[in-house]
1. How many residues does the stretch 114-156 contain that are among the polar types (S, T, N, Q), buried (at least 19 other Cβ atoms within 10 Å of the Cβ) and touching a helix residue (DSSP H, G or I) at 6+ places or on another chain (Cβ under 9 Å)?
2. Can you tell me which residue is farthest from D58 (Cα to Cα) among those in the stretch 263-308 that are in contact with a strand residue (DSSP E or B) (Cβ under 8 Å, 6 or more places away or on another chain) and among the β-branched types (V, I, T)?
3. Could you list all residues from the stretch 274-286 that are without any contact (Cβ under 8 Å) to a residue 60 or more places away in the chain and more than 16 Å from K318 (Cβ to Cβ)?
4. Name the one entry in R467, R492 that is of a type in the set (K, R), at pLDDT below 90, buried (at least 19 other Cβ atoms within 10 Å of the Cβ) and farther than 30 Å from G370 by Cβ.
5. Given the structure, is L289 crowded, with 20+ Cβ neighbours inside 10 Å and either modelled with pLDDT of 95 or more or of a type outside the set (D, E, K, R) (or both)?
6. Within the stretch 345-363, is even one residue in a loop (DSSP other than H, G, I, E, B), at pLDDT 95 or above, under 22 Å from the mean Cα position of the chain (by Cα) and among the β-branched types (V, I, T)?
7. Pull out all pairs, ordered by first then second residue, where Cβ-Cβ is under 7 Å, the residues are six or more apart or on different chains, the first lies in the stretch 319-331 and is in contact (Cβ under 8 Å) with a residue 40 or more places away in the chain and within 20 Å of R372 (Cβ to Cβ), and the second is part of a strand (DSSP E or B) and of a type in the set (K, R).
8. Could you list, ordered by first residue, the pairs with Cβ atoms under 8 Å in which the first is in the stretch 536-551 and closer than 16 Å to V501 by Cα and surrounded by 13 or more Cβ atoms within 10 Å (Cβ to Cβ) and the second is among the aromatic types (F, W, Y) and modelled with pLDDT of 80 or more, at least 6 apart or interchain?
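The values are calculated or read from the model by the stated rules, or taken from the named source; none is laboratory data. Quantities reported herein were computed from a predicted structural model and do not represent experimental measurements. Cβ: placed from backbone, ideal geometry, glycine included. Neighbour counts: every protein chain shown.
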Amino acid sequence: MNDVKERPWSQHYPEGVPLDLPIPDKPLHAFLDEAVRDYPDRTATIFHGKKVTYRQMDHMANRFARALQAMGVNPGDRVAIMLPNVPQVVAAFYGALRAGAVVVMTNPLYVERELEHQMNDSGARVILALDLLKPRIEAVRPHSPLEHVIYTSIREALPFPLNLLYPLKQKLPAIQLGPTTHRWTDLMARNSPAFPPVDAKPNDVALLQYTGGTTGLSKGAMLTHRNLVANTLQTIAWLGRGDARETETRILSALPFFHVYGLTVCMNMAVAAAATMVLMPKFEVNEALKLIEKYKPNLFPGAPTMYVAVINHPDVTKRDLSSIESCISGSAPLPVEVQTTFERLTGGKLVEGYGLTEASPVTHSNPISGLRKTGSIGLPFPSTDVKIVDLETGLRELPPDEVGELCVSGPQVMAGYWNRPEETARVLRDGWLYTGDVARMDRDGFTYIVDRKKDMIIAGGFNIYPREVEEVLYEHPSVQEAVAVGIPDAYRGETVKAYLVLKQGQEATSDEIVAFCRERMAKYKVPTAVEFRDTLPKTIVGKVLRRKLLEEEKERQEQAASSSRG
């Protein structure tokens, strides 16, 4: 890696943030060991008013680790966690690591086909899931390597008397317990709270984090203990919170932990700082405002849609949001008007960052203090190097302001894709991660994304690859040709629109297509608009011109906006 001190961004680095950050040789779960050693009685999580201390979290993690060993989980075996943001996910994540397992974070929104692919690809032997997901789990189980299923409930994390009222509001599926089907509460009751962690090396894989691909196949990025330790400490340093352990940091944890962004900047960062996580299983703006007023979080990492919802809330000016100090926005471009309005309302700092699953995920951010450049993703994180290379060969490093592919190098870059050596060799070359994003870097070292990953759609912070949607659309018996495009959306940033050509003599409606998709993919991937055409615009070799469709859609939206104004 090039010496970062020679790079152009060094002169604009925030005061107090080191260009080169030493990364300790320790496993990721050492963060929990240190938190419970130094601050055992500090609150780790708050969920609907119920507080769990770091001592209690430590005991839960150890009990889970013992349970996994009793199930025959050996070092290197994969354990899936399919939960929203509840205390159990924190304990299970660190408990699995203490047992030497590799964690597979699984989106609870996945439908059966997505879940089955991930379980089979990862080879997960155990899954911890919400009991509400039982129908999906049981449908997939016979066609997967899953040997043990552990069910937990939202109710088990609630305080009295909410835990008694919860079943009255939610019809829970019956769980038939047995030798391979378990209840979280039973495991917590019968296992010891003491556990000697299995020895883990920094370069051992800690996490398989699945990401979409241009081929439509979901790939598991192998993130090591060192990768995740590094990105956690890089984020803490960037936020200027080197003293976070002493100042009792509180984090509004609205980003899902099953997404690597939330995992790093909410959960792992909180544990490393012995901070308090104010948990939100799902972001809802009214609840978020209540939690900010009640628990006074300092940090609110999020996606632009969250900040949009806050600043547009009708009562926002009547709410006390003054505790917010710092926010890094990721997953999608941050509009400048959202940034300025949010900062005016809270008095805190909101900056745009950038990352990708393959980098644990954060590689860039605008400084919290110091020079910020609107429209840019900011400067590289400590110990992170960046270059822009030509799009043709990927070998020639380009001078400032020339457009090419963004490449990054640093301790947070993955070890590779799980069981995909060819894909790994394509994106990891000579110590550099080729991101697939088209970008430019100015003379000050600030990077600007010119075009997101080829054809990828980012809707409400979720990455959606058109091929995934198109494969489902092609399954419809009436569809001859299909293309999915991300079109501008005021709230989600982008939303999925499907353009279809039907087979001769066949008929279908927009509602029918949407319903068909809902049965076969996660809700956030389902097209929100469908347009039927006689033909699709194509190149001479038959490739659909997505950009042409997007240009037409933008022009249509501009004309509609102009008509409504006048």
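1. So the answer is 3.
2. It comes out as T305.
3. Of everything in the stretch 274-286, those that are without any contact (Cβ under 8 Å) to a residue 60 or more places away in the chain and more than 16 Å from K318 (Cβ to Cβ) turn out to be A275, F283, E284.
4. Working: R467 fails: buried (at least 19 other Cβ atoms within 10 Å of the Cβ).
Being of a type in the set (K, R), at pLDDT below 90, buried (at least 19 other Cβ atoms within 10 Å of the Cβ) and farther than 30 Å from G370 by Cβ holds for just one of R467, R492, which is R492.
5. Working: crowded, with 20+ Cβ neighbours inside 10 Å: no; either modelled with pLDDT of 95 or more or of a type outside the set (D, E, K, R) (or both): yes.
Against the criterion (crowded, with 20+ Cβ neighbours inside 10 Å and either modelled with pLDDT of 95 or more or of a type outside the set (D, E, K, R) (or both)), L289 does not qualify.
6. Among the residues of the stretch 345-363, not one is in a loop (DSSP other than H, G, I, E, B), at pLDDT 95 or above, under 22 Å from the mean Cα position of the chain (by Cα) and among the β-branched types (V, I, T), which makes the answer no.
7. S326/K349
8. That search, which allows pairs on different chains as well, returns L536/Y499; L549/Y499.
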